[in-house]
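The values are calculated or read from the model by the stated rules, or taken from the named source; none is laboratory data. Fair warning: this is a prediction, and the values are worked out from it, not measured in the lab. With ideal geometry, Cβ positions are generated from the backbone for all residues, glycine too; neighbour counts draw on all protein chains shown.
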């Protein structure tokens, strides 16, 4: 299982200056890969570093925008405060037939007695 230590969950500090922002280094890419539980080769790391720096370059103009007088949006569309979610009614549905159940369970990696088997989460 790949779980980062609590101290590793903090923001990743970049160490090189790249224009007006701090550029991502190979070490930063390696640490990001570790936090994401992704195995990267040195070639992958070398390829990803400039790509991530390019993404930071694209984001840089957004950080220059003055948002001091902008209030946070509660709703994604202004003027749509009365928007309602289109949810189905919470009503009981007919039980699937044994054939329907078996067809659904056919794609499951593990089943028993018509049920999905899943890994134990809480011991």
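Per the conditions (1) modelled with pLDDT of 85 or more; (2) outside any loop (DSSP other than H, G, I, E, B); (3) loosely packed, with under 10 Cβ neighbours inside 10 Å, the sole criterion not satisfied by residue 45 is (3). Checked against the criteria, residue 70 counts as closer than 30 Å to residue 23 by Cβ, part of a loop (DSSP other than H, G, I, E, B) and modelled with pLDDT under 85. Can you confirm whether the range 75-98 contains a residue that is surrounded by 11 or more Cβ atoms within 10 Å (Cβ to Cβ) and modelled with pLDDT under 75? The answer is no; no qualifying residue exists. Cβ separations smaller than 7 Å between residues 6+ apart or across chains give the following pairs from the range 111-123 residues that are at negative phi and surrounded by 10 or more Cβ atoms within 10 Å (Cβ to Cβ) to residues that are modelled with pLDDT of 90 or more and assigned to a loop (DSSP other than H, G, I, E, B): 111/117; 116/108; 117/110.
Restricting attention to the range 99-110, the residues that are surrounded by 10 or more Cβ atoms within 10 Å (Cβ to Cβ) and not in a loop (DSSP other than H, G, I, E, B) add up to 6.
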